[in-house]
Amino acid sequence: MVWVKSKEKIEFSIPGRPPCRGREQGPRKQKSDYKKKPRKTTQNAYASVVAMIAKNAIATQNWNYDESSPVYIVITVNLPVPTSGVRVDRVERMRKNQELPVRYPQVDAIMRVIMYALCGIAYKNCKQVVSALVAKRYAKSNDQQSVEVLVGKPENWGELNYDLRNS
């Protein structure tokens, strides 16, 4: 995440594996039937942790809260390598990032949690986000589970394109 041209950017890392936002469960047959809503305590706690870490990063890095400027978000999720039911050679390929994680959590759910947590802190509204890049990869060791977030303000299309390619 070092090779970006944006003058205003914030970078921070959130330790641990991210919980994802739940969705309503089950079909709704009649108006009197209410869908069972999942618990949101885990997501709300994680969103408050993201907000706290983002506020700390904003205080220490060069970032000005602006209600009208466009922003982009780059999210990198470092997931643990599964230890059970996987061959040893496959585990080594996962640790070297030769095999990509095709498993939960889903990238859109991760992005939704982090974007809503940053709303009102790094930017006023989610409509200011002009581009988002979310990537999942396996961590080098299971102790290094984290989510790395980069939020930047591009000045033009060329700078946005350069930052997204090189982040």
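A few points about this structure:
- For segment 89-122, a residue qualifies if it is among the hydroxyl-bearing types (Ser, Thr, Tyr) and touching a helix residue (DSSP H, G or I) at 6+ places or on another chain (Cβ under 7 Å), and exactly one does: Tyr116.
- Residues in segment 100-131 that are under 21 Å from Pro70 (Cβ atoms), among the hydroxyl-bearing types (Ser, Thr, Tyr) and within 14 Å of the chain's Cα centre (by Cα): Tyr116, Ser131.
- Residue within segment 84-95 that is in contact with a strand residue (DSSP E or B) (Cβ under 6 Å, 6 or more places away or on another chain) and modelled with pLDDT under 85 present: yes
- In segment 45-70, residue surrounded by the fewest Cβ atoms within 10 Å (Cβ to Cβ) [restricted to those that are aromatic (Phe, Trp, Tyr) and either free of Cβ contacts under 8 Å to residues at least 12 places away in the same chain or part of a loop (DSSP other than H, G, I, E, B) (or both)]: Tyr65
- Per-region count, segment 148-167, residues of a type outside the set (Ser, Thr, Tyr) and out of contact with any Ser or Thr (no Cβ under 7 Å at 6 or more places or on another chain): 9
- Hits in segment 3-21 - residues which are hydrophobic (A, V, I, L, M, F, W, C) and either at pLDDT 85 or above or farther than 23 Å from Asp66 by Cα (or both): Trp3, Ile10, Phe12, Ile14, Cys20
- Any pair with Cβ under 9 angstrom, 6 or more apart, that starts in segment 88-111 at a residue that is more than 14 Å from Gln145 (Cβ to Cβ) and free of Cβ contacts under 8 Å to residues at least 24 places away in the same chain and ends at one that is part of a loop (DSSP other than H, G, I, E, B) and polar (S, T, N, Q): Val91/Thr83; Glu92/Gln98
- Unmet requirement for Glu148, which otherwise passes all of (1) in a strand (DSSP E or B); (2) of a type in the set (Asp, Glu); (3) in contact with a helix residue (DSSP H, G or I) (Cβ under 9 Å, 6 or more places away or on another chain): (3)
- Residues of segment 71-104 that are buried (at least 18 other Cβ atoms within 10 Å of the Cβ) and assigned to a loop (DSSP other than H, G, I, E, B): Val81, Pro101.
The values are calculated or read from the model by the stated rules, or taken from the named source; none is laboratory data. On a predicted model such as this, the values are computed, not experimentally measured, just so you know. Neighbour counts run over all protein chains shown; Cβ positions are idealised from the backbone, glycine included.
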